[in-house]
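The values are calculated or read from the model by the stated rules, or taken from the named source; none is laboratory data. Everything numeric here is computed off the predicted structure, so don't read it as measured data. Methodologically, a virtual Cβ is constructed for each residue, glycine included, from the backbone with ideal geometry; neighbour enumeration extends over all protein chains shown. SASA here: full protein model, heavy atoms, side chains in, ligands and nucleic acids out. Shrake-Rupley method; radii C 1.70, N 1.55, O 1.52, S 1.80 Å.
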Amino acid sequence: GRNIAADIKNETIITTLRAGILFKLLQQKLNLPLDLDTKQDVYSQPGITYKYHLGLEWFWYRPRQPNFAFRTGYDSRRNTYGIGVFAAGWQLDYAFVQDKIISDLHRISLTVRFPAKSAVGPPEPETKVKPLTPLNPRAKP
């Protein structure tokens, strides 16, 4: 934790700004994200440091069945790869990060979405509702 009783006059607040853009292509089956992080860190070199992340995410979508997302990316110095499986509001993700400094990393995450409608991947095709017609077309309403 942080020392709450510290002398506030001498404290430096680290400023971080994150921004990104996402391009959705091929009927939302292909995502191209690009993010930029800026950070003014008092513990590293003076000034602002920049870190970028870019990637590619492809969805294999099948209505009312488990769906998959395949991912690859790069974030300033590391290659990243991953896969996601999602169905009925549950999402399981695995990522592999190649890191030359601290060794390769493996990350696993589990997400549960409420309500159980999946918000990942392309939307399911809409079902068109036909207007009701009277049983006897000659009858007056």
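The set of residues in segment 57-105 that are exposed (fewer than 13 other Cβ atoms within 10 Å of the Cβ) and touching a residue at least 60 places away in the same chain (Cβ under 8 Å) comprises P63, R64. Do you know which residues across segment 36-56 are surrounded by 14 or more Cβ atoms within 10 Å (Cβ to Cβ) and either at pLDDT below 70 or touching a helix residue (DSSP H, G or I) at 6+ places or on another chain (Cβ under 7 Å) (or both)? Of everything in segment 36-56, just one residue is surrounded by 14 or more Cβ atoms within 10 Å (Cβ to Cβ) and either at pLDDT below 70 or touching a helix residue (DSSP H, G or I) at 6+ places or on another chain (Cβ under 7 Å) (or both), namely D41.
For segment 1-28, enumerate the residues that are open to solvent by less than 100 Å² (accessible area, probe 1.4 Å) and either modelled with pLDDT under 85 or touching a Pro at 6+ places or on another chain (Cβ under 7 Å) (or both). Full working, then the answer.
Here is the first cut: in segment 1-28, the ones open to solvent by less than 100 Å² (accessible area, probe 1.4 Å) are 5-7, 12, 14-16, 19-22, 25, 28.
A5, A6, D7, T12, I14, T15, T16, G20, L22, Q28, listed by residue number.
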